[in-house]
Structure formats: C-alpha cells, structure tokens
Amino acid sequence: MANRPPVLQSGDTIGLVTPGSPLDATIIDARVQFLRDMGFTIVFGRYVYSFDGIVAAPADKRAEDIMDMFENPNVKMILPTRGGTGVQGILPFLDFDVIRENPKIISGYSDITVLLNSLYQFSDLITFHSLMLIDFRLETPAYNFNQFFAATSTFLSPRPIQNPPEMTLMGVTPGNVTSPIVGGNMTSIVNTLGTPYEIDTKGKILFLKEACSH
C-alpha cells in the first residue's frame, strides 16, 4: 500500500529545498512572496540560497535539508526551488525509513525525477510530478496550478487527468489498464540505470518526458 501524504491546505507550511542546481536569490524571493500571497507559510532549508559551483551545496548538505523537512512536524509539503544537475548525488544520504514514517507532499520534475522515483521506490511515498518553486509566478498557466492543487489538495479518486485543450491525447493500443504510475524525465531515468536507484517499472505504467527543441 502506497504511503499517501496529507492534503495541502491554505495556511500550511511549505519547506523549501534546493536539491540540485542553485537558483538566484531574487527569483527565490519573488516566488516565495507569491506563495505567501496564496496563504502559505514558508520554511527555508539551510542551503536554499547556497552556491557551490554547479550545485547549491555538497550532496550530503543538500540531503540534510531534505531530511530536516521530512522530520519537521510543521512542514506539510517539500518544494524544490528548481531541478538542474546533481540531484542524483543526494540519494545515498537519505534515510528512507525516516521518510516512510513522515510522509509529506513533494513535487517536482526535470532532474527531481530521480528523487521522486527513489522516494516512491524505497519509502512507498506517493510523489507528484508537478510544480517547483520556480513555477509559482503569474506567467504559469492556470491549467498547471489547477492540476497541481487538484492532486495535492484533494483525495478525489478516480480523478481524470486531461491534457490542455490545445494538446491532443492519442492512444495507440485500445483498452484500459490500472496500475501505479512511475516515470518522469527520460535523461534522469537513464542516468540511474545500473545503479541502486534504477527505476522499477515492473507492473507499472511508465510515462516519459523529455525536453525538445524546434
């Protein structure tokens, strides 16, 4: 049975972490104000604003921030500031047993994929392939916010996930299938192959996403 985190409500506390690449402080501050205006309380990891080359901080320190958020009883959701590089390096420093006992909402995409899949695989935690801090701004489409809050703020089941109106959804094989969903950024998933954190797709619906250019 998957470990389901509690739902997110206005007034709840969101814990910010930077598991991979650093993010400019002015962007962090603007997005934090957006969340505060929505009614959320924000707690900062110690290394949210840090810069250490192409990553925010050494892997063990970035992992400490994540563990601190899981162990903080006031934090309802853990929100990465962004993806970027280096997320894979934090995995050996995570205590998956502690995480299993303290389920929280955690959302992200891009390189956060390896963290989300590992949390599901080793802590049975339901995770969300969805918004990060960098997305909390006026320019983000309402569709993205609606899907995010529908998933994190309700237990409605079954809940249809529909593409935006301008994106056609096409099926190749007829019929229906029921199974847990795993997947995410294809490059990040490929990078875990042959490691202890290789994604387990057996009996799962696999979705893959990759950036493309035109």
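The values are calculated or read from the model by the stated rules, or taken from the named source; none is laboratory data. Just so we're clear, the structure is a prediction, and the values are computed from it rather than from any experiment. Positions of Cβ are generated from backbone atoms using ideal geometry, with glycine treated the same way; all protein chains shown enter the neighbour counts.
The single condition among (1) at pLDDT 90 or above; (2) of a type in the set (Asp, Glu); (3) part of a loop (DSSP other than H, G, I, E, B) that ASP97 does not satisfy is (3). Could you grab me the full set of residues in segment 102-114 that are within 17 Å of VAL190 (Cα to Cα), in contact with a His (Cβ under 9 Å, 6 or more places away or on another chain) and surrounded by 23 or more Cβ atoms within 10 Å (Cβ to Cβ)? The answer is ILE112, THR113.
The single residue among ASN117, ASN144 that is in contact (Cβ under 8 Å) with a residue 12 or more places away in the chain, surrounded by fewer than 15 Cβ atoms within 10 Å (Cβ to Cβ) and not in a loop (DSSP other than H, G, I, E, B) turns out to be ASN144. Selection of segment 7-42 for residues being touching an Asp or Glu at 6+ places or on another chain (Cβ under 9 Å) and not hydroxyl-bearing (Ser, Thr, Tyr) yields GLY15, LEU16, VAL17, PRO19, GLY20, PRO22, ARG31, GLY39, PHE40. Which of the following residues is at pLDDT 95 or above and more than 17 Å from VAL114 (Cβ to Cβ): ALA57, ALA63, ALA2? Step by step, each of ALA57, ALA63, ALA2 is checked, and only ALA57 is at pLDDT 95 or above and more than 17 Å from VAL114 (Cβ to Cβ). Out of MET77, MET69, one residue alone is without any contact (Cβ under 8 Å) to a residue 60 or more places away in the chain and closer than 18 Å to THR152 by Cβ. It is MET69. Sort out which residues of segment 147-184 are under 28 Å from ASP37 (Cβ atoms), in contact (Cβ under 8 Å) with a residue 12 or more places away in the chain and outside any loop (DSSP other than H, G, I, E, B), and write them in order of number. Matches in segment 147-184: GLN147, PHE148, PHE149, ALA151, THR152. Residues of segment 120-131 that are part of a loop (DSSP other than H, G, I, E, B) and free of Cβ contacts under 8 Å to residues at least 60 places away in the same chain: THR127, SER130, LEU131.
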